[in-house]
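Have a look at the structure below, then the notes.
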Amino acid sequence: MFKILKAEMLCENICQQIVEAPRIAHSCLPGQFVIVRADETSERIPLTISDYDREKGTVTITLQIIGASSMKIAQYKTGDSFADIVGPLGKPSELCTDPIEEVRKKRVLFVGGGLGTAPVYPQVKWCKENGVEFDVVIGTKCKDTLIMEKEFEDVAGEHYFLTTDDGSYKHKGMVTSVMDELIAEGRHYDLCVAIGPMIMMKFAAKTSLAAGIPTIVSMNPIMVDGTGMCGACRLVVGDEVKFACVDGPEFDASKVDFDSAMKRMALYKTEEGRAYLAAKEGDTHHGGCGHCS
Amino acid sequence: MAIEVDVMKKVPVREQEPKVRATNFDEVCLGYNQEEAQAEATRCLNCKNARCVAGCPVSINIPAFIAAVKDGEFKKASEIIGESSALPAVCGRVCPQESQCEGQCVRGIKGEAVSIGKLERFVADWARENGVKPVVNAEKKGKKVAVIGSGPSGLTCAGDLAKLGYDVTIFEALHKAGGVLVYGIPEFRLPKDKVVQPEVDNVKALGVKIETDVVIGKGTTIDSLLTEEGFDAVYVGSGAGLPRFMGIPGEQALGVYSANEFLTRNNLMKAYRDDYDTPIARGKKVVVVGGGNVAMDAARTALRLGAEVHVVYRRSEAELPARVEEVHHAKEEGIIFDLLQNPVEILEDENGWVRGIKIIKMELGEPDESGRRRPVEVEGSEYEIECDTVIMSLGTSPNPLISSTTKGLEINRKKCIVADETTGATSKEAVYAGGDAVTGAATVILAMGAGKAAAKGIDEFLSTH
């Protein structure tokens, strides 16, 4: 059993939990993920690690409530325990594994959208701690859906650019409009890391790649075991079939077939898609499983 | 009432009626009862030079345990099997006996072989139902061995090492111990709570610790086990790896599964039960591509979830790699075999869902390197099967997690770990390996045999180091 030391709602439908998992906390790196199984009858849900504390032996997970399974996890409060949490899974961000002197020569543009804000955080924090220069653009629907503002202010300060789709807070517009502005100002970037909804990653990558910036995105497909056994998380990357759990979850955006991935995700994401799935998959589909954030 | 025995024939085993079992997940084969087992045991000739033992990868003393069954000494029979096998209730159910022990049986020359597998199953089930537990009386060696993977190979290796007095910890990546016995083989062939869990518990009763939710090769590595965590040796029984796909158009369509995913959802995650959250496609018409045991498991699972199921295989019936018994059961249950046929494309509807599969007919040409006649496409013979689910069961390629994070561990051209057949020794000192991680996808019993050999190899190594 894995005890939850702290659970809180960051906004109406995003919750964050700090979980005691010493083995994972001991070795995880930004970019990696865990799989949580809340109780005996639950699904195995992949969730990106959004922070960790090696000394305290904890990892932080952040998830959006979309359907029954994510709702179930979100109902676990401080002091409760999950049946299982396994990790770290996937490859760490290359920023953290490439030779540090090479990485320090780079300026990185981080782009996070919606729930994708959470997995961007440990990467930004890692850059700050390791003396790597960066700017970070965070986009969200409106002021009420914004998460982790304080954390980003603390690590990124003046390099933190916030935008809301509806203009209810700070800048108004999509992340791409802020990216355009920063690039137009003449800021130089050697790498862009974009994490968020598939559609956001597709357009963020289009913007950065057009500016000649190599771009990495973090894919979040359906998974079951997460250790390279079931093949559910396969993606087409550069005409090759890759498995997000062992080859990813981060991939070179210029090689990702977003449309094929989106088609697969769309059905799990939209009400219409879920109704369609319910018809196709019958009573074993429970409508939204947390795979679709 | 005494059972009349025809010495040329096996005492028939009771099974669920095909029509009934096609709609449930209960075990197909009901096994022998006491009278049937004792009657079958009388058919054994108790050969002095028992060829069946040589045919068994873990060398169970078959004539001796069968003689004990004949005498009604079932506890003794179970102890004899226990000397060689940690998982008899599993093996009695899933071993390919026809090509191993029973394939060697002298009775089989003129008639039917003795039903060794069903007798083993009877003994193991009797022992479990009567609370017979394995006995440990080994002196502690004071040395620690880590076993990676709790599948048949890892459980066997761990059990044997524990019996020799080693302090053994198994690390399992999934949340439940058992490996392919829990995620791969379906309930109707191998009941999980009734059979697998008690056998895992028996290994634990030998003193083996099992840590679930630990992925070796991520964070914790083989090197960190040997240095930081104080293990003296490691056995890698991490199993087969990523599923293969065909590389044909449409494989990314919704409704295309690997057999591993389909079976894991159903077996490990219990998607067939309403009280579990994991979803699974209950297709109306399912095409399973491939002809191995895993393909049969996937097909029969899909059938039980309510689908019409076709198995599409590119060679003919004679080449089907699945066990004859599995093919026979599948046919009885109503699985349709489309043989000498091969998919060329998966067709999608406007929402990206599978709507059909385009198939080309094949004919057998010259033998290939495997000795089997190579299937060749029949030009212009393409046709379409309408279906809503496609399950690819084409085997697996090794998981890179361990080989890519262990310095000095040699892998071969097929990316399998290179290990000595008799000792399990790898290119790295103190690291042993066996099972599918070494051979590629094979059988439960071969993996057990490798685990057994490696336990011996590890014991020899640790006795001299």
**Asked** For region B:18-129: lysine pairs with Cα atoms under 25 Å, gap of 8 or more or different chains, count?
**Response** 11
**Prompt:** Which residue, chosen from A:Leu182, B:Val168, A:Phe82, occupies the Cα position most advanced towards the positive end of the dipole of the protein assembly as shown, where the dipole is computed from +1 (Lys, Arg) and -1 (Asp, Glu) charges on Cβ about the Cα centre?
**Reply:** B:Val168
**Request:** Measure of size requested: the Rg and Dmax of region A:2-89, with Cα atoms as the atom set and Å as the unit; please supply both.
**Result:** 11.6, 34
**Prompt:** Can you list residues whose amide H is under 5 Å from B:Arg355's amide H, if they're 5+ apart or on another chain and H is modeled 1.01 Å from N?
**Reply:** B:Leu347, B:Glu348, B:Asp349
**Item:** Charge-dipole axis of chain B as Lys and Arg at +1 and Asp and Glu at -1 on Cβ define it, positive-most pick from B:Leu226, B:Pro18, B:Ser59
**Value:** B:Ser59
**Message:** Can you return the lysines within cross-link range of A:Lys105? Criterion is Cα-Cα under 26 Å, with same-chain partners fewer than 8 residues away left out.
**Reply:** A:Lys91, A:Lys125, A:Lys128, A:Lys206, A:Lys255
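Restricting to chain B, what percent of DSSP beta bridges are antiparallel, rounded to 5?
Working: 21 of 53 bridges.
So the antiparallel bridges in chain B amount to around 40 percent.
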**Request:** Under 1.5 on a/c is rounded, so check that first for chain B, then, if it is not, pick prolate when a/b is larger than b/c and oblate when it is not; a ≥ b ≥ c are the square roots of the alpha carbon gyration tensor eigenvalues.
**Result:** oblate
**Request:** Excluding residues on the same chain fewer than 8 positions from B:Lys456, give the aspartates and glutamates whose Cα lies under 19 Å from its Cα.
**Result:** B:Glu83, B:Glu139, B:Asp160, B:Asp167, B:Asp232, B:Asp420, B:Glu421, B:Glu429, B:Asp436
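Tell me which trypsin sites (Lys or Arg not before Pro) from region B:413-465 have a DSSP coil assignment and no more than 15 other beta carbons within 10 Å of their own. Show your work: numbers first, answer last.
Numbers: sites: B:Arg413, B:Lys414, B:Lys415, B:Lys428, B:Lys452, B:Lys456; in loops: B:Arg413, B:Lys414, B:Lys415, B:Lys428.
Of the trypsin sites (Lys or Arg not before Pro), the ones in loops of region B:413-465 whose Cβ has at most 15 other Cβ atoms within 10 Å are B:Arg413, B:Lys414, B:Lys415.
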**Asked** For region B:1-61 and region B:332-396, what is the separation of their Cα centres, given in Å?
**Response** 36
**Antiparallel content of DSSP bridges confined to the protein assembly as shown, in %, to 5** = 50
**Request:** Calculate the mean, over all residues of peptide B:260-269, of how many other protein chain Cβ atoms lie within 10 angstrom of the residue's Cβ.
**Result:** 5
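Could you tell me whether region A:102-227 comes out rounded, prolate or oblate from its Cα gyration tensor? Rule is a ≥ b ≥ c as square roots of the eigenvalues, rounded for a/c under 1.5, then prolate if a/b exceeds b/c, otherwise oblate.
Taking the square roots of the gyration eigenvalues as a ≥ b ≥ c, region A:102-227 is rounded.
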**Shielding of A:220-228 by partner chains, average beta-carbon count, 10 Å** = 6
**Prompt:** So, in Å, what gap is there between the alpha-carbon centers of region B:104-176 and region A:55-80?
**Reply:** 39
**Asked** For the charge dipole of chain B, defined by +1 on Lys and Arg C-beta atoms and -1 on Asp and Glu C-beta atoms about the Cα centroid, which residue among B:Met362, B:Ile109, B:Cys416 has the Cα displaced farthest towards the positive pole?
**Response** B:Ile109
**Complete:** per DSSP, antiparallel bridges as share of beta bridges in chain A, % nearest 5, sits at 60
**Request:** Starting from the Cα of A:Lys141, draw a straight line to each of the lysines and keep only those under 19 Å, dropping any in the same chain fewer than 8 residues away.
**Result:** A:Lys150, A:Lys170, A:Lys172, A:Lys202, A:Lys269
**Prompt:** Between the helical axis of A:117-129 and the dominant principal axis of chain A, each derived from Cα atoms, what acute angle in degrees is found, rounded to the nearest 10?
**Reply:** 50
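Given the rule -39500 (n - 2.57) for each run of at least 4 DSSP H residues, summed and divided by the residues of chain B, what is its mean residue ellipticity at 222 nm, to the nearest 500 deg cm²/dmol?
Numbers: 19 runs with 154 residues, N = 465.
Rounded to the nearest 500, the figure is -9000 deg cm²/dmol.
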**Item:** Shape call, region B:122-235: gyration tensor on alpha carbons, a/c limit 1.5
**Value:** oblate
**Message:** I'd like the orientation of helix A:175-184 relative to chain A: the angle between its Cα long axis and the longest Cα principal axis, in ° from 0 to 90, rounded to 10.
**Reply:** 20
**Asked** On a 0 to 90 degree scale, rounded to 10, what angle separates helix A:258-269 from the longest Cα axis of chain A?
**Response** 40
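Place a +1 charge on the Cβ of each Lys and Arg in region B:348-465 and a -1 charge on the Cβ of each Asp and Glu, then give the dipole magnitude about the Cα centre in debye, rounded to the nearest 20.
Working: 13 positive and 20 negative charges, 138 e Å.
Dipole size: approximately 660 debye.
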**Asked** Count of lysine pairs in region A:2-89 with Cα atoms under 15 Å apart, counting only pairs 8 or more residues apart in sequence or on different chains?
**Response** 4
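Considering only Cα-Cα distances, which of the following residue pairs are longer than 31 Å: B:Lys133/B:Lys414; B:Lys133/B:Lys331; B:Lys141/B:Lys176? Don't skip to the answer; put the middle values down first.
Working: B:Lys133/B:Lys414 41 Å; B:Lys133/B:Lys331 38 Å; B:Lys141/B:Lys176 28 Å.
Distance filter (> 31 Å) returns B:Lys133/B:Lys414; B:Lys133/B:Lys331.
Out of the trypsin sites (Lys or Arg not before Pro) in region B:1-40, which ones are loop residues according to DSSP with at most 13 other C-beta atoms within 10 Å? Write down the numbers at each step before the final one.
Working: sites: B:Lys9, B:Lys10, B:Arg14, B:Lys19, B:Arg21; in loops: B:Lys9, B:Lys10, B:Arg14.
The qualifying sites are B:Lys9, B:Arg14.
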**Item:** Of the GluC sites (Glu not before Pro) in region B:374-465, those whose Cβ has at most 16 other Cβ within 10 Å and which sit in DSSP loop
**Value:** B:Glu379, B:Glu382, B:Glu410, B:Glu421, B:Glu429
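Treating only the Cβ atoms of Lys and Arg (+1) and Asp and Glu (-1) as charged, compute the dipole magnitude of region A:94-218 about its Cα centre; round to the nearest 20 debye.
So the magnitude is around 260 debye.
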**Fill in**
Note, region B:338-351: 3J(HN,Hα) by Karplus (6.51, -1.76, 1.60, θ = phi - 60°), whole Hz, Gly/Pro = x, goes 9, 8, 6, 9, 8, x, 10, 7, 9, 9, 10, 8, 5, 9
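Every number in this text was worked out from the coordinates using simple rules, so none of it is lab data. The structure displayed is predicted, hence computed values, not measured ones. All Cβ positions, even for glycine, are placed from backbone atoms using ideal geometry, and neighbour counts span all protein chains on display.
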